[in-house]
1. Among (1) open to solvent by 20 Å² or more (accessible area, probe 1.4 Å); (2) in a loop (DSSP other than H, G, I, E, B); (3) more than 16 Å from ligand 1 (Cβ to nearest atom), where does E238 come up short?
2. Within the stretch 131-142, count every residue that is within 11 Å of the chain's Cα centre (by Cα) and open to solvent by 10 Å² or more (accessible area, probe 1.4 Å).
3. May I ask you to list the residues in the stretch 152-166 that are farther than 9 Å from G90 by Cα, within 16 Å of ligand 1 (Cβ to nearest atom) and not small (G, A, S)?
4. So, in the stretch 299-323, how many residues would count as being modelled with pLDDT of 95 or more, in contact with a Ser or Thr (Cβ under 9 Å, 6 or more places away or on another chain) and outside any strand (DSSP E or B)?
5. Just name the residue that is surrounded by the most Cβ atoms within 10 Å (Cβ to Cβ) out of those in the stretch 146-177 that are in contact with a Gly (Cβ under 6 Å, 6 or more places away or on another chain) and part of a loop (DSSP other than H, G, I, E, B).
6. With the requirement that a residue be of a type in the set (G, A, S) and assigned to a helix (DSSP H, G or I), what does the stretch 324-349 give you?
7. Which one of these is within 16 Å of ligand 2 (Cβ to nearest atom) and hydroxyl-bearing (S, T, Y): S174, S181?
8. Within the set of pairs 6+ apart or on separate chains, which have a first residue in the stretch 118-145 that is assigned to a helix (DSSP H, G or I), a second that is within 10 Å of ligand 1 (Cβ to nearest atom), and C-beta atoms under 8 Å apart?
Amino acid sequence: EVPMTVRSLSEAMGRPAKAIMSILFKEFGEMVTINQIIEEETALAVALELGVDLTFKRQKGAQETVTEIVEMEDAPEDLVTRPPIITVLGHVDHGKTTLVDSLRNSKVVEGEAGGITQHIAAYQIDYNGHKLTFVDTPGHAAFSEMRSRGANVTDMVVLVVAADDGVMPQTAESISHVKASGVPMVVAMNKIDLPDVNEQKVLQDLTAQNVLPSEWGGETDVVRVSALKGTGLDDLLETLLLTAELHELKANPNRPAVGVCLEGFRDEGRGSVAWLIVQKGTLRIGDAVICGKSYGYIRAMYDDMDQQIEEAPPAMPVKVTGLDTVPGAGDHFVVVDDIDQARALAEERRHEGRADVLSRHSGGPRTLEDILG
Ligand code: GTP
Ligand code: MG
């Protein structure tokens with residue numbers, strides 16, 4: 001048998017080895033190196049955690065069984081262009097929420113305690129027939145935490161820099177996280193309506209962080225906006241759509257949905273509510289879902305305006321009810337064939353020791369194909 005290691009699993013899944021190792025540590029209590037040999041069962045559990053479909057190919061040789069991992073890829077002809085998922089980052093008070101608010105003509109910021117964003121939230125807008133999904137964060141910590149859990153939902157980043165303030169500590173930290181992630185970035189130079197702004201200083205600050213503005217011959221577009229007055233927003237949206245086009249973002253809408261939970265909370269009337277973002281497939285009312293340690297049938301779905309909807313295609317953020325408990329930010333969700341599979345897996349995650357799962361050989365779902373149907 002060809003042993004599978006953290007490294008080969010990482011390569012097969014196209015996910016960072018670090019993400020795998022942190023799952024093994026956090027969920028299974030196992031400290032491992034990149035060359036650690038891992039069992040099929042464990043690999044499947046990790047893959048599920050990361051929202052990756054795995055199938056194992058076994059070839060019976062004369063004396064040995066070769067185990068090869070192949071990600072269940074969607075056929076190219078099934079892929080359809082999907083909206084970009086854009087995370088908004090930047091220093092405190094530089095105007096991230098105001099920007100998203102004015103892009104969607106809403107007033108979330110007014111409802112926030114002290115005007116400070118506490119949770120991740122996601123919204124979709126329609127601009128001249130093009131949809132764009134925006135993820136508003138409480139800061140770069142949420143972004144990097146999601147990524148460290150393998151929840152790479154972000155296609156690009158809008159870095160908001162207030163023109164009267166320039167690059168501040170959290171701006172610099174955001175930049176380094178974005179660089180580490182390799183995600184394309186557009187800078188929104190915000191608050192240009194203020195009298196005492198210094199555009200040149202912002203450009204210099206960015207350059208000092210190795211973010212060279214395109215107007216200075218670099219690769220990063222810096223778009224002047226006033227989130228408050230609504231100026232420059234067309235410019236910003238056009239730039240984002242161009243960037244999205246360059247990256248040819250696609251997904252197969254005709255398959256069971258997989259995606260990530262951005263935020264879970266308990267609602268007095270609706271019970272456990274999960275704010276999900278669909279990455280592949282289409283999520284529908286009645287789907288059986290496992291999300292982290294939660295499971296259930298999707299009972300109701302709401303869009304970002306709290307309107308009830310029936311289904312959610314790729315890149316659409318939705319609030320769903322029906323999960324038995326509140327899932328956590330960064331938990332992956334997968335639609336499964338029937339609720340028994342979801343329940344079995346959720347209960348296994350809750351009640352069985354993680355170390356148990358590591359060494360277990362029978363019982364529970366055997367392959368991810370079983371789980372995914
Ligand atoms: P955190 O969520 O706490 O990190 O802040 P944020 O980046 O989401 O900033 P937020 O949108 O809450 O805005 C902070 C303050 O800046 C608010 O008082 C906004 O009204 C103000 N502001 C945002 N954009 C602009 C702008 O374009 N011009 C001016 N003059 N003020 C703005
Ligand atoms: Mg905010």
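1. Condition not satisfied by E238: (2).
2. The total comes to 1.
3. Those that are farther than 9 Å from G90 by Cα, within 16 Å of ligand 1 (Cβ to nearest atom) and not small (G, A, S): V157, D164, D165.
4. So the answer is 7.
5. A151
6. Matches in the stretch 324-349: A342, A344, A346.
7. Within the list S174, S181, the selection yields S174.
8. Close Cβ pairs (under 8 Å, with a partner that is within 10 Å of ligand 1 (Cβ to nearest atom)) amount to H140/L89; H140/Q170; F143/L89; F143/T137.
The values are calculated or read from the model by the stated rules, or taken from the named source; none is laboratory data. What you see is a predicted model; the values in this text were computed from it and never measured. A quick note on method: Cβ atoms are made from the backbone with ideal geometry, for glycine too, and the neighbour counts reach across all protein chains shown. Surface accessibility is based on the protein's heavy atoms, side chains included, excluding ligands, DNA and RNA. Shrake-Rupley method; radii C 1.70, N 1.55, O 1.52, S 1.80 Å.
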